[in-house]
1. Restricting to the range 68-86, name every residue that is under 16 Å from the mean Cα position of the chain (by Cα) and more than 10 Å from the ligand (Cβ to nearest atom).
2. May I ask you to say which residue of Leu46, Leu56, Leu42 is more than 16 Å from the ligand (Cβ to nearest atom) and closer than 30 Å to Asp289 by Cα?
3. Before we move on, is Leu265 under 19 Å from the mean Cα position of the chain (by Cα) and open to solvent by 10 Å² or more (accessible area, probe 1.4 Å)?
4. Look through Leu138, Leu167 and report the one residue that is within 16 Å of the ligand (Cβ to nearest atom) and either under 19 Å from the mean Cα position of the chain (by Cα) or in contact (Cβ under 8 Å) with a residue 60 or more places away in the chain (or both).
5. Here is a list: Gly293, Gly199. Which entry is at positive phi, without any contact (Cβ under 8 Å) to a residue 24 or more places away in the chain and open to solvent by 20 Å² or more (accessible area, probe 1.4 Å)?
6. For the range 123-152, which positions are among the aliphatic types (A, V, I, L, M), open to solvent by 20 Å² or more (accessible area, probe 1.4 Å) and assigned to a loop (DSSP other than H, G, I, E, B)?
7. Go through the range 85-101 and report how many residues are touching a Lys or Arg at 6+ places or on another chain (Cβ under 9 Å), open to solvent by 20 Å² or more (accessible area, probe 1.4 Å) and over 18 Å from Leu38 (Cβ atoms).
8. Looking at the range 243-297 only, could you name the residues that are among the β-branched types (Val, Ile, Thr) and outside any helix (DSSP H, G or I)?
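The values are calculated or read from the model by the stated rules, or taken from the named source; none is laboratory data. Just so you know, these numbers come straight off a predicted model, no measurement behind them. FYI the Cβ positions are ideal-geometry reconstructions off the backbone, even for glycines, and counts take in every protein chain you see. These area figures cover heavy atoms from the full protein model, side chains too; ligands, DNA and RNA do not enter into them. Shrake-Rupley method; radii C 1.70, N 1.55, O 1.52, S 1.80 Å.
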Amino acid sequence: MSMKTIQAQLAAEVVARPREVERTVTGVATSDGAGVKLTRVLTNTLQHRLDPFLMLDSFRSDDPNDYIAGFPAHPHRGFETVTYMIAGRMRHQDSSGGEGLLENGGVQWMTAARGVIHSEMPEQEEGVMEGFQLWLNLPAEAKMGAASYRDFPSEAIPEVRTDAGALVRVIAGRSHGVAGAVERPLTEPLVLDIHLPAGTRFTQSLPADYNAFVYVYRGEITVGAREERVCEKRMAILANRADNDGMSLRATSDARVLLVAGRPLREAIVQYGPFVMNTREEIEQALADYRDGKLAA
Ligand code: MN
């Protein structure tokens, strides 16, 4: 726990009717970029169920062959990417001249919107590289807005220690009265990295219609009043019942969990690789703009 960690006092998250697990999901091993091995936890078959979230990739390896090739220059349009490094160093460079080094515990929040061309390359030749990349959709009216990005070093991620003993890193949204590094009014994303000693309980209030999931990246937990078990490297989609006022979990071993929730956009989703728009025509326009050098102009 760092000096900036806030002790939760009067801001407990009171949850009377927590969500239950709708289903658990095992990630799919794949590779992306120039051959980076990763696990795709949120695949495109879940984009409607977990709207506004489009993708979650998890990567963790101590074999440089799995990550050294990185992600050379490539485009994006129509959404936001949130990259969270648990361990390792990754250099970002983009078409607008933006550059940043993402390190242990840091977050990069990139709004691709109308267009970004960027590279994401490891800045290490050995050791562990571990982290996540989450794709967050933009509403139709914001897909062609200006691109931007922000880097948050680990020290800039607010943390809160709950009375029950959970350490919560508030990447986006609010938890236990603490505002996260990022707040986005369009989709109100909540992104928490929760560290739980064995036996610890954690609760978080959530609007009933927000889509939500947890991903257990260390240890094991149970979710909800039914205490359904969720093992390491599993995602649990949390059910949306109209009377649910939040979620609860309990660590059955020392555990680390990502909790992700947001307001669904309920718009058409048309994805072609790194472009996510509302119609085929907009995808064709993105391809033409990229080909003509106008995507990120
Ligand atoms: Mn990218």
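1. Selection gives Phe79, Glu80, Val82, Tyr84, Met85, Ile86.
2. Only one candidate qualifies: Leu46.
3. Judged against the criteria, Leu265 is a match.
4. Selected residue: Leu138, the only one of Leu138, Leu167 that is within 16 Å of the ligand (Cβ to nearest atom) and either under 19 Å from the mean Cα position of the chain (by Cα) or in contact (Cβ under 8 Å) with a residue 60 or more places away in the chain (or both).
5. Working: Gly199 fails: without any contact (Cβ under 8 Å) to a residue 24 or more places away in the chain.
Of Gly293, Gly199, the one residue that is at positive phi, without any contact (Cβ under 8 Å) to a residue 24 or more places away in the chain and open to solvent by 20 Å² or more (accessible area, probe 1.4 Å) is Gly293.
6. Correct list: Val128, Met144, Ala146, Ala147.
7. Total meeting the criteria: 2.
8. Thr252, Val257, Val260, Ile269, Val270, Val276, Thr279
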